[in-house]
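One structure below.
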Amino acid sequence: MSHNGIEGTVALVTGAAQGIGRAVARAFADAGARVAALDTAKEPLDATVAEIAAGGGAARAYPCDVRDAAAVEDAFDAAERALGPVEHAVSVAGVLRTGPGAATSDADWADLIAVNATGAFHVLRAAARRMAPRGSGTITTVGSNAADTPRADLAAYGASKAAASSFTRALGVELAPLGVRCNVVSPGSTDTPMQRGMWSGPDGAAAVIAGSPDRFRAGIPLGRLADPADIAAAVRFLASSEARHITLHDLRVDGGATPRT
């Protein structure tokens, strides 16, 4: 195992079929981990695994709906039988619903909570149950800068991400004495299919970068959208031995869109 704490280990990544999840799976594979890739979308998930294999990496696909606690446990068990003990678990799977908070439907609220909050809970709990007795491991939740910065039309989404972030960091308090680190990476606007689905025209990216003062929404000071690889690099760093003294942290990767005071 190399000094980086990733080469030769097993990393389990949810939401690995596209966007940030796929980039995270590739980043761990590039660092020498054997990757257990989870998602509900089987064909895109298989494409992620094939892409990793083409690059010389090792990965296996595990179709899994994180809303199903038993399915998550089964995926962890199957991955550990095939690849070895999961040393790094990354919860990326998520859904987006937008609109005014007062107009949020019961169905949209339920979907957001089921995937973004309860799904993350299932993954983190399964990881903690396995890592704690071994005395090592890292758990990372990919959240959102909307979790603690109010954003118009993202009230329900932000709430679901806030729940996952809070659970992750509280879990980190409990697991720190056992050698397990828990962190959050909070992206801002990132060039993914989910982000593009929010745009209404060809100037969508420019509008996001510029911001909307009338909607109390700041732009992006760095003047660019994040690439999924930017988020993956932050996740990989927090899982590495270079971050061995970092836990309970929320690393915001949003180009300065939501500065903290």
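Values in this text are rule-based calculations from the coordinates and carry no lab data. Given the structure is predicted, the values throughout are model-derived calculations rather than measurements. Cβ: placed from backbone, ideal geometry, glycine included. Neighbour counts: every protein chain shown.
Among the residues making up region 1-29, those that are of a type in the set (D, E, K, R) and under 21 Å from PRO187 (Cα atoms) are ARG22, ARG26. Taken together, the criteria exclude GLY94 from residues that are without any contact (Cβ under 8 Å) to a residue 60 or more places away in the chain, assigned to a loop (DSSP other than H, G, I, E, B), under 30 Å from GLY256 (Cα atoms) and out of contact with any Lys or Arg (no Cβ under 7 Å at 6 or more places or on another chain). Of all residues in region 75-86, those that are at positive phi have Cβ atoms under 8 Å from Cβ atoms of residues that are not in a loop (DSSP other than H, G, I, E, B), 6 or more apart or on another chain, in GLY84/VAL10; GLY84/ARG34.
ALA127 meets the conditions (1) crowded, with 23+ Cβ neighbours inside 10 Å; (2) touching a helix residue (DSSP H, G or I) at 6+ places or on another chain (Cβ under 7 Å); (3) in a helix (DSSP H, G or I) in every case but one. The failed one is (2).
Of the residues that make up region 2-21, is at least one more than 23 Å from ARG125 (Cβ to Cβ), part of a helix (DSSP H, G or I) and either in contact (Cβ under 8 Å) with a residue 12 or more places away in the chain or not charged (D, E, K, R) (or both)? Checking region 2-21: at least one residue is more than 23 Å from ARG125 (Cβ to Cβ), part of a helix (DSSP H, G or I) and either in contact (Cβ under 8 Å) with a residue 12 or more places away in the chain or not charged (D, E, K, R) (or both).
Residues of region 39-60 that are crowded, with 21+ Cβ neighbours inside 10 Å and either in a strand (DSSP E or B) or of a type in the set (A, V, I, L, M, F, W, C) (or both): ASP39, LEU45, VAL49, ILE52, ALA59.
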